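As structure tokens, the structure follows; a few thoughts come after it.
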Amino acid sequence: MRITVLAAIAIASALLPSHILLAQEDDKPAIAPLPRTINLTEEQRHIIKENVKDIAVTKASANAPETIGDAVPSDIKLTQLPPLAGQKVSQARSHLFFVKDGSNTIVLVSPDDRRVADVIH
């Protein structure tokens, strides 16, 4: 009976989508990453990067969050996108951003909840 149950669990887990919460060994659920709140094409990412690269902004530390859905601490200064970037990439117009020190990674942030919306490397 125990082998049958284990086999059924193995088959069921193989069929489940990977984004469903799974129990870990300590019985705490593993949290699936949040989906992107903005979907940019490579061209749109390039437009934003080109428009942001020459702006003098205070850079956030290299360990600032850059995982989609992560909360951005209040001590990180957020900046509005340049007007031209907002015109050319309308879905990013309302988003704020910060630049990470060292990598020059641009992190787009949702202004409503200060969560990472997208990352441009």
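The values are calculated or read from the model by the stated rules, or taken from the named source; none is laboratory data. Computed from a prediction, not measured in an experiment: that's the story for all the values here. No Cβ is skipped: glycine too gets one built from the backbone with ideal geometry, and neighbour counts run over all protein chains shown.
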Discussion item. Among the residues of segment 90-106, what is the count of those that are part of a strand (DSSP E or B) and without any contact (Cβ under 8 Å) to a residue 40 or more places away in the chain?
Written reply: 1
Discussion item. Among (1) in a loop (DSSP other than H, G, I, E, B); (2) within 19 Å of the chain's Cα centre (by Cα); (3) of a type in the set (Val, Ile, Thr), there is one condition residue 57 misses while meeting the rest; what is its number?
Written reply: (2)
Discussion item. If residue 51 satisfies all but one of (1) at pLDDT 70 or above; (2) outside any helix (DSSP H, G or I); (3) touching a Pro at 6+ places or on another chain (Cβ under 9 Å), what's the number of the condition it fails?
Written reply: (2)
Worksheet item: Restricting attention to segment 66-89, which residues are in contact (Cβ under 8 Å) with a residue 24 or more places away in the chain, surrounded by 16 or more Cβ atoms within 10 Å (Cβ to Cβ) and in a helix (DSSP H, G or I)?
Response: 85, 88
Worksheet item: Given the conditions (1) in contact with a His (Cβ under 9 Å, 6 or more places away or on another chain); (2) surrounded by 17 or more Cβ atoms within 10 Å (Cβ to Cβ), which single one is not true for residue 104?
Response: (2)
